[in-house]
Amino acid sequence: MTDAEREARISLAACYRMVARLGLDDVIYNHISLRVPGEEDAFLLNPYGMLFSEITASSLVKIDTEGRKLAPSPHEANVAAFVIHAAIHKARHDAACVLHAHSDAAVAVSAQPGGLRPLSQFAMWFHERQAFHDYEGVAIDLDEQERLVRDFGTHPVMIMRNHGTLTVGRTPGAAFMLLYYFERAARIQLMMQSSGQPIIEPSPEVCARAANQFWQQQGDILGPGEREWPAFLRLLDREEPGFRD
């Protein structure tokens, strides 16, 4: 194993642990995949049947885009789950990490016609940057891959109607922070809608300005995960150091 793969495994295991810590996991389901640095057709994925809170660097399964193991492992990967991930990885070189989640607020918002509305600063990350994919049943059919890629385009997040979300990033930290921001924004939106009070929505011009501030990294703003992810790694090292095993 190269040093680059070892570091990739540690970062991906940390991502699984953080998703679990924030309650954004779904028992043994959902998946986060990461391209192995320097290997175009090699990916790391969780062992099927393990909780996110159990994932370690060594337990991750190394597979190709067809779901075949590339290294010995006592664990099996959820090949059907990789239908989603393989399509996105192959189509987008910026999608080194693909994170799929069924977090509660995101699923609730996924059924709203407009998806996530620009009602909070968290939501501004996704102003005019959210894709939509209609529900087709459990994503196990290969012919859905083409539609997933088409619908996702170049957006950082895709709302899978009545299902969940997909976030992508060049690192697990980036994909995780986009999930975090989306879920926070979705919760706030649902709270506002349930209050029964009128909702003030910023003008399109202000929303566009805020989104550009984030994505163009104006002022001291960095990309998603660049500043936050090292802090999360320190947290895990203090409280769950076994993720590195």
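Rounded if a/c is under 1.5, else prolate if a/b is larger than b/c, else oblate: which is the range 64-111, with a ≥ b ≥ c the root eigenvalues of its Cα gyration tensor? Numbers along the way, then the final one.
Details: a/c = 2.84, a/b = 1.63, b/c = 1.75.
The shape class here is oblate.
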In whole percent, the fraction of accessible protein surface over the chain that belongs to carbon or sulfur atoms, probe radius 1.4 Å, stands at 53 percent
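Can you tell me the length gained on complete extension of the stretch Asp26 to Ser194, counting 0.36 nm per residue apart and subtracting the Cα distance?
58.0 nm
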Taking Cα pairs closer than 8 Å and at least 6 residues apart, the relative contact order of the range 83-169 in percent is 43 percent
Length gained, Thr65-Asp94, 0.36 nm per residue minus C-alpha separation, equals 8.8 nm
Accessible-area order for Lys90, Lys69, largest to smallest, probe 1.4 angstrom, reads Lys90, Lys69
By accessible area (1.4 Å), largest first, Leu70, Leu222 order as Leu70, Leu222
Taking a ≥ b ≥ c as the square roots of the Cα gyration tensor eigenvalues, with a/c under 1.5 meaning rounded and otherwise prolate when a/b beats b/c or oblate if not, the range 1-121 comes out prolate
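Counting only protein chains, not ligands or nucleic acids, how are Thr167, Thr56, Thr2 ordered by accessible area (probe 1.4 Å), most first?
Ranked list, largest accessible area first: Thr2, Thr56, Thr167.
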Any helix of the chain counts here only if DSSP assigns it H throughout, its Cα atoms span 30 Å or more along the axis, and its mean Kyte-Doolittle hydropathy is at least -0.5, and such helices are 172-194
Taking the alpha-carbon centre of each part, the distance from the range 132-162 to the range 9-36 in Å is 20 Å
Length gained if Glu226 through His75 is fully extended, taking 0.36 nm per residue and subtracting the Cα-Cα distance, is 51.2 nm
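Could you work out the per residue convex hull volume over the alpha carbons of the range 114-245, in cubic angstrom?
Working: hull volume 20.8 nm³, N = 132.
Spread over its residues, the Cα hull of the range 114-245 gives 158 Å³ apiece.
The values are calculated or read from the model by the stated rules, or taken from the named source; none is laboratory data. In this text the structure is predicted, and so the values were computed from the model without any measurement. Quick note on the areas: whole protein, heavy atoms, side chains included, nothing else; ligands and nucleic acids left out. Shrake-Rupley method; radii C 1.70, N 1.55, O 1.52, S 1.80 Å.
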